[in-house]
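A short write-up of the structure that comes next.
No value in this document is a laboratory result; all are computed from the given coordinates. What you see is a predicted model; the values in this text were computed from it and never measured. Heads up, the Cβs are rebuilt from the backbone with ideal geometry, glycines too, and the neighbour counts pull from every protein chain shown.
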Amino acid sequence: MAHRWINTLSDTDVTPEVAFLNRRQMIAGAAAGVGLSLMAQRARAETLEPNNWDDITTYNNYYEFGTDKGDPARNARTLTTKPWSVTIDGLVDRPGDYAFDEIMAKMTIEERLYRFRCVEAWSMVVPWNGFELADLLELAGVQSGAKYVAFETVLRPDEMPGVRYPVLDWPYVEGLRLDEALHPLTIMATGIYGRDIPNQNGAPLRLVVPWKYGFKSIKSVVRITLTDKEPPTSWNKANAGEYGFYSNVNPEVSHPRWSQATERQIGGGLFSSRVPTLMFNGYGDEVAGLYAGMDLKKNF
Ligand code: MTE
């Protein structure tokens, strides 16, 4: 790959690990500071049920484990992540099951740390370990007819108590346009803060697309399909009026039920003021060109 991402953020920009680990409490504290409004609304929207204070502070963003009120980290422990393989199929020259260890053996040649901003009402800078999705796709050989990439999370009812409930249409699926997928900012993360990624964050590998909202970051990926049609995405299927295919961070486009113009920084202290959210989460110089000429209010 000729085009590599060079970190623009340094260690001092990274959200302290303790703040990251306690982010639910910090988010809850921050939400209390603004009268519960934003986070309460958001949590309600994402769990599709009314929330009380407890729901917000124990709220899990991995719904396959999280429809009940239990500790999300404890529930996700049941996920078997070894062995693991990713099926890459569709419009590729070398379709097949790619063992996670084999992928890692090829990718660790270029073992990389990515310090990325991420935003979803709250924001932080997370140090991910991983590799560019483009490198994985290169293993499989993308064919010229491919225009989109579809992703699928593992579906294991035995290990995932949440999938008994039709909160979403399982398995969780996501999609990117091929040019988005090949962009050097688009990574498959396998580690966080220098350790293996915890199960509740999407072990053993999950997508990270730092100029999009967090829900595009599909966890525990088992299938990647190259296709010529725009693939379905879980949140769009659940509520097309609120979640579009692109989901680019865009302060000018409000979610139907809340503004997306500002964010609160995790680790910035409970009474830190909100800061303006940047177009494409601040990665505009790198990615704005992907959307030249597109109406991003329509393609939200
Ligand atoms: N992937 C799967 N398979 N299932 C999910 O419920 N939730 C998404 C995304 N990926 C989700 C998922 C949402 S809503 C968010 S905000 C992010 O994961 C949260 O990732 P984090 O818990 O690592 O912050």
Exercise. So for the pair residue 297, residue 21, with labels modelled 7 Å out along Cα→Cβ, what separation do we get in nm?
Worked result: 4.6
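Could you give the length gained by full extension between residue 12 and residue 228, i.e. 0.36 nm per residue of separation minus their alpha carbon distance, to one decimal place? All intermediate terms of the calculation are to be shown ahead of the outcome.
Working: separation 216, 0.36 × 216 = 77.76 nm, distance 4.17 nm.
Result: 73.6 nm gained on full extension.
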For this session: Can you tell me the FRET efficiency between residue 87 and residue 286 if r is taken as the Cβ-Cβ distance and R0 is 45 Å, rounded to the nearest 0.05?
Result: 0.90
Problem set entry | Gain on full stretching of the segment that runs from residue 164 to residue 97 - 0.36 nm per residue minus C-alpha separation | 21.4 nm
Problem set entry | Integer Hz, Karplus 6.51/-1.76/1.60 couplings in order for region 222-227, x for Gly and Pro | 10, 9, 10, 10, 8, 9
Seminar exercise, completed: P(r) over all Cα-Cα pairs of region 195-300, 10 Å bins from 0 to the longest distance, whole percent per bin, short to long, reads 12, 37, 37, 13, 1
Seminar exercise, completed: The long-range amide H neighbours of residue 262, using H built 1.01 Å from N in the peptide plane and a cut-off of under 5 Å, are 277
Exercise. Looking at this model, which pairs from 216/298; 229/298; 237/298; 216/237; 216/297; 219/297 are more than 23 angstrom apart at the alpha-carbon?
Worked result: 219/297
Problem set entry | Euclidean distance of C-alpha centroids, region 195-217 and region 75-112, integer Å | 14
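Order the peptides 176-187, 76-87 from the highest to the lowest mean number of other Cβ atoms within 10 Å of their residues. Could you put the intermediate results ahead of the total?
On the way: 176-187: 20.6, 76-87: 15.8.
Averaged packing, sorted descending, gives the order 176-187, 76-87.
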